[in-house]
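*Asks:* Quick one: this structure, given as structure tokens, is what I'll be asking you about.
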Amino acid sequence: MPLPPAFIEKYQTLLGSESEAFFHALEQDSTSGFRLNPLKPNAETVRDEWITDHFPNSPYATNGYLGSIHGHTPLHQAGYVYSQEPSASLVATVAQVQPGERVLDLCAAPGGKTTQLATAMRDQGLLVANEIVPKRARILSENVERWGLTHTVVTNHAPEELARIFPAFFDCIVVDAPCSGEGMFRKNPTAQDEWTIETPEMCATRQREILQEAVKMLNPGGRLVYSTCTFAPEEDEMIVSYLVQENDFQIDRIDLAKIPHSHGRSEWGTVDHLEETIRLWPHRSPGEGHFMARLIAPTVAQYSTKRRPFRATKPTSEQLALLKPFPALLAMDPTLQYHVIKQELWAIPTDLPETAQKLRVKRWGLDLGTFKKGRFEPNFAWAMSIKDTAEWPTVALSDEEWIQYVHGDAIAHPGNAGWLLLTYHAMPVGFGKQTQNLIKNFYPKGLRFMASPDHLNP
């Protein structure tokens, strides 16, 4: 599809002699990528067996690789890889989040940045991953589950609603803002087809509205990471200029030694130090086009920071008795607490404030399982979160048994051991319940598919 004439004219003016190389790059094939999940058990073994000799490293992220892995492979099904456009992974790298911090991913779906941020946080502290569109929030929640996260809460709110719940709360906020998508033209032809000369300014208006609310949720001195997948100065340098001028933010220099990148253009904004923001151009760096900036909030508090702890609904004594066959539950991480919602047992981060009671939540943290009449049934999400397989009796599935498992079939296996953790090549893939030489299948119905031997290799 040819580039829009108005787009060509605009970037001929902005880029001058560099524009021809830029337009030529947009005519080339896009680059695929994925990340390995180091939070999973035996991740290094899985990397050595499946990835190291087959895929080159990505320059943008730790545990990032160039290439593609099909969504129905064991690696993807077990949450060991997440497919993500390579340059998009630089945003979470720039955020520099730390274990124990409170972090908000404000525009989080489908989950690439969320899973990467949680990995950098070592699945500690509190990560709120928000998505305003309900359908996209469900996809985000599914990806958080597969990645095995415990300290991530998935919400479905408009930014102004979240700002009333979390005033001056987060140490870092990532705003990967809805944008005109110019950086994705060669990957997503729809973005190119929908682009008009007015699109960047319309998007910039919405970006300012989102950021006005994000600012209210940031701790004094906290970090705001702003990113787009567009080239438009109206949505990039001009938005950063707005943040500096209207909210007294400071642009924080991003040091990306050994990572291919370009700098923001000072002449495309109205404040100093715009060259300390980052641009990824398709003719200069692998991957698609991106812009990102890291800004520091004023150190003077503008909003009240008084808050009370979350009041979790604790399990009853009868419910606790049903957990005795699951000793791993009785030694829970002290930064998590039990919370029961409609017979569902959750482990939720203790960092949640009382105001979080008002949240519209897709995922409260880790869904451990369901209380049923006279028993407790562990959830698939818990299997995905297990860090130490020694906590469970396990059964290693063969190739044929893995194909049976993801199809939802029962698996013949000698014994009568009760609940088991099922693994494939040392990767936990879910729970089964063994009775009378048969493992009953608890792979979620919505995830089941007809696999073949072709799915066994990346």
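*Asks:* Averaging sequence separations of C-alpha pairs under 8 Å and six or more residues apart, then dividing by the length of region 1-100, give the relative contact order as a whole percent.
*Replies:* Values: 95 pairs, mean separation 29.4, N = 100.
Reported as a whole number, the value is 29 percent.
*Asks:* When we measure straight from the Cα of residue 440, which aspartates and glutamates land under 17 angstrom away, once same-chain ones fewer than 8 places off are left out?
*Replies:* 377, 400, 401, 409
*Asks:* Something else about it: Using the Karplus equation 6.51 cos²θ - 1.76 cosθ + 1.60 (θ = phi - 60°), what ³J(HN,Hα) coupling, rounded to whole Hz, does each residue of region 435-451 give in order, writing x for Gly and Pro?
*Replies:* 9, 6, 6, 9, 9, 6, 8, 10, 5, x, 4, x, 9, 5, 7, 8, 8
*Asks:* What's the Kirkwood radius of the chain in Å, using all Cα pairs?
*Replies:* 23.4
*Asks:* Report the gain in length on full extension from residue 98 to residue 42: 0.36 nm times residue separation, minus Cα-Cα distance, nm rounded to one decimal.
*Replies:* Roughly 17.9 nm would be gained on extension.
*Asks:* So what is the relative contact order for the chain, in percent, with contacts set as C-alpha pairs under 8 Å and at least six apart? Provide the component values of the computation, followed by the final result.
*Replies:* Details: 992 pairs, mean separation 71.0, N = 458.
After rounding, I find 15 percent.
*Asks:* Helix 134-147 versus the longest principal axis of the chain: what angle, 0 to 90°, nearest 10, using Cα atoms?
*Replies:* Between the helix axis and the principal axis of the chain, the angle is about 60 degrees.
*Asks:* Give the carbon-plus-sulfur fraction of the accessible surface of the chain in %, rounded to a whole number; probe 1.4 Å, heavy atoms of protein chains only.
*Replies:* Working: 9660 of 19480 Å².
That share works out to 50 percent.
*Asks:* Per residue, how many Å² of accessible area does the chain show with a 1.4 Å probe?
*Replies:* 43
*Asks:* Quick one: helix 5-15 against the long Cα principal axis of the chain, what's the angle to the nearest 10°, folded into 0 to 90?
*Replies:* Compared with the principal axis, the helix lies near 70 degrees.
*Asks:* Tell me, how many Å apart are the Cα centres for region 357-415 and for region 218-237?
*Replies:* Answer, in whole Å: 39.
*Asks:* Could you work out [θ]222 nm for the chain from helices alone, using -39500 (n - 2.57) per DSSP H run of at least four and dividing by all its residues? Round to the nearest 500 deg cm²/dmol. Can you show the working numbers first?
*Replies:* Numbers: 14 runs with 122 residues, N = 458.
Value at 222 nm, helices only: -7500 deg cm²/dmol.
*Asks:* Okay, moving on. Among all the lysines, which ones have a C-alpha under 22 Å from residue 10's C-alpha, if same-chain residues fewer than 8 places away are not counted?
*Replies:* Straight-line reach from residue 10, under 22 Å: 187.
*Asks:* Same structure, new question: A 20 angstrom limit on the alpha carbon distance is what I want to check against. Which of 135/314; 324/373; 135/216; 314/372 exceed it?
*Replies:* Details: 135/314 30 Å; 324/373 15 Å; 135/216 26 Å; 314/372 16 Å.
Flagged as over cut-off: 135/314; 135/216.
*Asks:* With viscosity set to 0.692 mPa s and temperature to 37 °C, compute the Stokes-Einstein D of region 291-404, Rh being the Kirkwood radius across alpha carbon pairs; µm²/s, no decimals. The partial results should precede the final answer.
*Replies:* On the way: Rh = 17.2 Å.
After rounding, the answer is 191 µm²/s.
*Asks:* Apply the Kirkwood formula to region 359-449: the hydrodynamic radius equals the inverse of the mean of 1/r over all pairs of different alpha-carbon atoms; give it in Å with one decimal.
*Replies:* Taking every pair of different Cα atoms in region 359-449, averaging 1/r and inverting gives 13.8 Å.
The values are calculated or read from the model by the stated rules, or taken from the named source; none is laboratory data. A quick note: this is a predicted structure, and the numbers were derived from the prediction, not measured. Heads up: the accessible areas ignore ligands, DNA and RNA and are worked out on the full protein's heavy atoms, side chains in. Shrake-Rupley method; radii C 1.70, N 1.55, O 1.52, S 1.80 Å.
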